[in-house]
Amino acid sequence: MDTGQQRAADQDAADHTRHQQHRNGGGESVPEPGHHRGEPRHVAPFVYTGLGIVKPQLFASETAEVFRLAPFFHAAAAKGRLYGVRLDGLWVHVGRPESIAEAEIAIDRSTLGHPGKFSFCVAEDEEDTTWLSLSEQRGLPKEASAVTVMAAGAPRQIMNEWTTKPEEILETFAADMRANLRHYSIHPGNYALIFPKQLREHLQAAKWSKTDIANFIHERARIHRREWADVGKGAVVRDRGDRVYPALPSPDQLLVIAAGGPAGGFGAIIPPWLGNKSRAVTLPIGACVDCEPPQK
């Protein structure tokens, strides 16, 4: 076989391998530390699905408006800064027209939905805040990359541009949480509060920490059971109208997150899916925290 024929055969083999990788769920992802980018003709057991959290600094050297992501991912992997999380659950795709109906049958179990009903992601703005990161707040070291997962409802947006006082800003958040207790579930659980730049700066200027916010919200976001009668649920009040129901089991169950754009006095509340039926979990990615020495 001459050189031209050999190159053509090699290209055909590579194309076939890539096709098989897509069919079998292979790819070049880095599922955990110690793994590396797949070699040619190697079918990897994982596929990168396109969902990621990336710091803007990764692209600081790029001037083009349109560019490939792979070189940046490879450079990050070489520095030990590219991590992946393995999904041990349902995965569907909509790569073919007929796959759309299959996907809807597989995942659409909700009575009502929103664009993120299967999952949605919030990236924390750790650089532009004086607060501890969420992972530090939940006990991980500052150096660790981490992810926090919770079973949640749809985000609920609020706005307060008419005050700089922390108590008044936070009362807007607490009012929406009280509404969730009345209208949806009276059971306490993890709530996540999203503070974009404008509201966050008012709180930081007043020296309010995440702990201060959590303590205030824990006291203000609660209702009496009798308030259910005001929203058409009087039948379940019975003789327990004076019982108090807090939105949070304790202040440390509030997830305070610095995230969002700089414009406007906006914020968001992410309520729990159903009270304490599920709890938020924070885990390090690509790090071993308090690991035991390997057993010989």
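The modelled label-to-label distance between residue 117 and residue 103, using points 7 Å beyond Cα along the C-beta direction, is 1.5 nm.
Under the shape rule built on the C-alpha gyration tensor, where the axes satisfy a ≥ b ≥ c, segment 143-217 is oblate, since a/c reaches at least 1.5 while a/b does not exceed b/c.
Legend: distances between Cα atoms for 117/277; 233/277; 142/207; 55/207; 165/197; 55/79; pairs beyond 19 Å are 233/277; 142/207; 55/207.
Taking trypsin sites (Lys or Arg not before Pro) across segment 200-249, the ones in a DSSP loop with at most 15 further Cβ atoms lying within 10 angstrom of their Cβ are 207, 233, 238, 240, 243.
Look at 119, 61 and count the other Cβ atoms within 10 Å of each Cβ; fewest to most, that gives 61, 119. Provide the gained length on full extension for the span residue 206 to residue 70, in nm with one decimal, where the gain is 0.36 nm per separating residue minus the Cα-Cα distance. In short, 44.7 nm is gained. For the pair residue 235 and residue 159, how long in nm is the line joining their label points, each one 7 Å along Cα→Cβ? Each label point lies 7 Å from its Cα, and together they span 3.8 nm.
Below 8 Å, C-alpha to C-alpha, sequence gap of six or more: please give me the relative contact order for segment 121-285 in percent. Taking the mean separation of contacting Cα pairs over the length of segment 121-285, I get 42 percent.
Binning all Cα-Cα separations of segment 50-97 at 5 Å, short to long from zero, yields these whole-percent fractions: 5, 13, 24, 19, 14, 14, 9, 3. The smallest convex shape that holds all Cα atoms of segment 45-162, its convex hull, gives 223 Å³ per residue.
For residue 172, neighbours were defined as the other residues whose beta-carbon sits under 13 Å from its Cβ, and their charges (Lys and Arg +1, Asp and Glu -1) total -1. Given their separation in residues at 0.36 nm each and the Cα-Cα distance between them, residue 147 and residue 242 gain 30.3 nm when the chain is fully extended.
Every number in this text was worked out from the coordinates using simple rules, so none of it is lab data. This one's a predicted model, so the numbers in the text were calculated from it and none came from an experiment. Using ideal geometry, Cβ is built from the backbone for each residue, glycine included, and neighbour counts are taken over all protein chains shown.
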